[in-house]
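Nothing in this text is a laboratory measurement; each read-out follows from the coordinates by a stated rule. Every value quoted in this text rests on a predicted model; they were computed, and no experiment measured them. Here Cβ is always computed from backbone atoms with ideal geometry, including for glycine, and neighbour counts include all displayed protein chains.
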Amino acid sequence: MNDRRYKITLWTSVIGAIVLVVGGIVALAIYSERQGSNIVVPGVTELVPEDHVFGSAEATVTLVEYGDFQCPACAAYALVVKQVKDEYADRIRFVYRDFPLTQHRNARAASYAAEAAGVQGKYWEFHDLLFERQEAWAASSASDVQKIHEGYAELLGLDLGKFAADRDADLTRRGVDADQRSGIQAGVASTPTFYLNGRKLDARSYDDFKRDIDALLATP
Amino acid sequence: MLAVSAVGFLDATYLTVQHYLKGIPPCTINGCEVVLTSGYATVYGIPIALAGSAYYLTLLLGGIYFLDSRSVRVFRWFALCTVMGLAVSFVLVGLQLFVIKALCLYCMISAVTSTTLFILGMAVLNSSRYGARPLPKVPPADLR
């Protein structure tokens, strides 16, 4: 009888322990998704002349995104970010910095193309196109990607010769490298990573962004 | 051995939970998500991590049962399971290295635990106490 009681106790405790552990793992997994931080990362909010800034130049609230044009998560966020940009255009500054990852073969090419479009004043339009149509070029060969991006340039009415020259220019390459270095220094480990006034932001939806931005705008 | 199974279980379960939680995973510097979102991460929609989790859980429960019952048969069965675990691990690591060309840290942790369990299993199988090696034919001294 005692033996049976012992066995029941043993196995109930084992099952119970396992359930608790699995619960703990679920909690841990959810917690580790949270990116937000209260630490202000120095240097993130400081703008450099090469930065692509959208919005009010004198704004006291700066939202920085480190992104990779070939990253599906960034493309998913692009819609939300666009909403934020449009809604807060006159009240915040939005900065996009390139953080191309090595596993994305075409990410750098996309960054260079966007920079080239920027020289002709159409950075944000090109940036939006790249994300909207990511599936069209993300998995293509390098030469196909070039053609597709040239198609976007044409769509935006850019001078194609100048576009190609700027895209391949050393200056462009160095600009993207500088963005990436800035991200590494800031501790970016994945894309997209957002910093609001230097603090890493954990925002999933437009409402999340709105809540944090509004809070900052409200403080004098 | 229980400890190693437990580690494997935690690791595989974490991956499984992540799989079911994530909408679109962010792209990481180490490329972990490339492995986890590749076609090889699931079989007919079931994440391999879940199978791994079940495997480690079985070993864990088997180990506890063995401690409780001291059954040699259970132990041998345990050791044989680790062979299968090792084989699967080999295939998955090979896929990462040669096909997907990206490594996922948690997957590699599982490979380490599978290999360790296999080595432990084989070591004990070879020992005369629980192992398959036949006992010496000479009767013990007090019976002679």
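A few comments on the model shown:
- Globularity ratio of region A:108-148, using Cα Rg and 2.2 N^0.38 Å: 1.09
- Exposure proxy shown here: for B:Met122, B:Met1, B:Met84, the number of other Cβ atoms within 10 Å sets the order, fewest to most, as B:Met84, B:Met122, B:Met1.
- A straight line joining the Cα centroids of region A:86-137 and region B:1-36 runs 31 Å.
- Normalised per residue, the volume of the convex hull around the Cα set of the protein assembly as shown (Å³): 193
- Legend: mean number of C-beta atoms from other chains within 10 angstrom of residue C-beta atoms, peptide B:26-38, equals 5.
- Using alpha-carbon coordinates, inclination of helix A:123-132 to the longest axis of chain A, degrees: 40
- A simple rule links phi to the HN-Hα coupling: the Karplus curve 6.51 cos²θ - 1.76 cosθ + 1.60 with θ = phi - 60°, which for region B:96-103 gives 4, 6, 9, 9, 6, 6, 8, 10 Hz, with x for Gly and Pro.
- Globularity ratio of region A:25-156, using Cα Rg and 2.2 N^0.38 Å: 1.14
- In order along region A:59-73, phi translates into HN-Hα couplings of 4, 8, 10, 10, 10, 10, 10, 9, x, 10, 4, 9, 7, x, 5 Hz, rounded to whole numbers, per the Karplus curve 6.51 cos²θ - 1.76 cosθ + 1.60 with θ = phi - 60° and x for Gly and Pro.
- 10 Å-binned pair-distance histogram of region A:111-220 (Cα, whole percent): 12, 33, 33, 19, 3, 0
- Normalising the average separation of contacting C-alpha pairs (under 8 angstrom, six or more residues apart) by the number of residues puts the relative contact order of region B:2-131 at 36 percent.
- A cut-off of 5 Å between modelled amide H atoms, ignoring neighbours fewer than 5 places along the same chain, links A:Val61 with A:Arg93.
- Cα centroid of region A:170-220 to Cα centroid of region A:14-62, whole Å: 10
- Label sites at A:Glu58 and A:Asp3, each approximated as a point 7 angstrom past Cα along Cα to Cβ, lie 8.8 nm apart.
- Exposure proxy ranking, count of Cβ atoms within 10 Å, fewest first, for A:Lys200, A:Lys7: A:Lys7, A:Lys200
- Cβ-based exposure ranking for B:Val83, B:Val93, in which fewest neighbours within 10 Å come first: B:Val83, B:Val93
- With the simple spin-label model, which puts each label point 7 Å out from Cα in the Cβ direction, the A:Lys210 to B:Ile24 separation comes to 2.0 nm.
- Rounded to 10°, Cα long-axis angle of helix A:107-119 versus longest principal axis of chain A: 40
- Helix B:48-69 and the longest principal axis of the C-alpha atoms of chain B enclose an angle of approximately 20°.
- Contact order normalised by residue count of chain A, Cα under 8 Å, 6+ apart, percent: 31
- Across all C-alpha atoms in region B:2-131, the radius of gyration and Dmax reach 15.8, 52 Å.
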